[in-house]
1. If I ask for residues that are in a helix (DSSP H, G or I) and at pLDDT below 85, which ones from region 101-113 would you list?
2. The conditions are (1) at pLDDT 85 or above; (2) closer than 23 Å to Ala37 by Cα, and Val160 fails exactly one of them. Which is it?
3. Which residues, counting only those in region 154-169, are loosely packed, with under 13 Cβ neighbours inside 10 Å and either within 19 Å of Lys47 (Cβ to Cβ) or touching a strand residue (DSSP E or B) at 6+ places or on another chain (Cβ under 8 Å) (or both)?
4. For region 142-168, give me the residue count where each residue is among the acidic types (Asp, Glu) and either outside any helix (DSSP H, G or I) or touching a helix residue (DSSP H, G or I) at 6+ places or on another chain (Cβ under 7 Å) (or both).
5. For Phe58, only one of the following conditions fails: (1) open to solvent by 70 Å² or more (accessible area, probe 1.4 Å); (2) at pLDDT below 85. What is its number?
Amino acid sequence: MDTRDNMELTELREQVALLKEKLMRQQIISEQNIIAAAQKGISQLNKAGNIWGIFGIFAVVYCSWSFHRFGFSDGFVIGTAIFLAICAAVTIYAHWGIRSIDVANGNLVDISQRLISFRKIYSRYHLFSIPALLVWCYFLYQDAQHMLEYAEGFLIAGCVGGLIGAIIGLKAHFKVIRDTDKVLKNINELLQHK
């Protein structure tokens, strides 16, 4: 009986060791999947930052040139260029802090703090941009009234374009916030595993 009990006990220990080994492999695979998902999310945020940064720089040049060509006042053209340059600079600055993140080899707490800082910049950015855009619209209206014979048509077209731009911008803004939240969730899962 003793030999039989010892064999059963040895067999149970081997099964427990095998189960522990399988569980460790699954946990490693799970962690690797979470790391890959977080890194992919950060890559998407960086790609969006590159696109919007390039678009912002293009907007500064193109809008300054086109408003000047249409005959708007120099003050309006310079104000527009400054506003757009600030928008482009904030976008580039916000994304600059997450460019070099490597989830697999980095300090997860530091990465979380950088992503939270990135998210705060994006969230608070509208506290500046929306009021500044409304002020800009007022000056656009004033300049258009003085220089155009049929300013109403120009302003209606501007309102339609502004509405389309606002929809595209807000959609992109909320996508960045959602993607950042997903990456933060993945990093929190990794922190819980460790």
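The values are calculated or read from the model by the stated rules, or taken from the named source; none is laboratory data. Computed from a predicted structure; not experimentally measured. Cβ atoms come from the backbone with ideal geometry, glycine included; neighbour counts cover every protein chain shown. All accessible areas refer to the heavy atoms of the entire protein, side chains included, with ligands and DNA or RNA removed. Shrake-Rupley method; radii C 1.70, N 1.55, O 1.52, S 1.80 Å.
1. Passing the criteria: Leu108, Val109, Asp110, Ile111, Ser112.
2. That leaves (2) as the condition not met.
3. Ile168, the sole residue that qualifies.
4. So the count comes out to 2.
5. (2)
Residues checked against (1) crowded, with 17+ Cβ neighbours inside 10 Å; (2) assigned to a loop (DSSP other than H, G, I, E, B); (3) not polar (S, T, N, Q):
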site: Ala88; (1), (2), (3): yes, no, yes
site: Arg99; (1), (2), (3): no, yes, yes
site: Leu115; (1), (2), (3): yes, no, yes
site: Lys120; (1), (2), (3): no, no, yes
site: His126; (1), (2), (3): no, no, yes
site: Leu140; (1), (2), (3): yes, no, yes
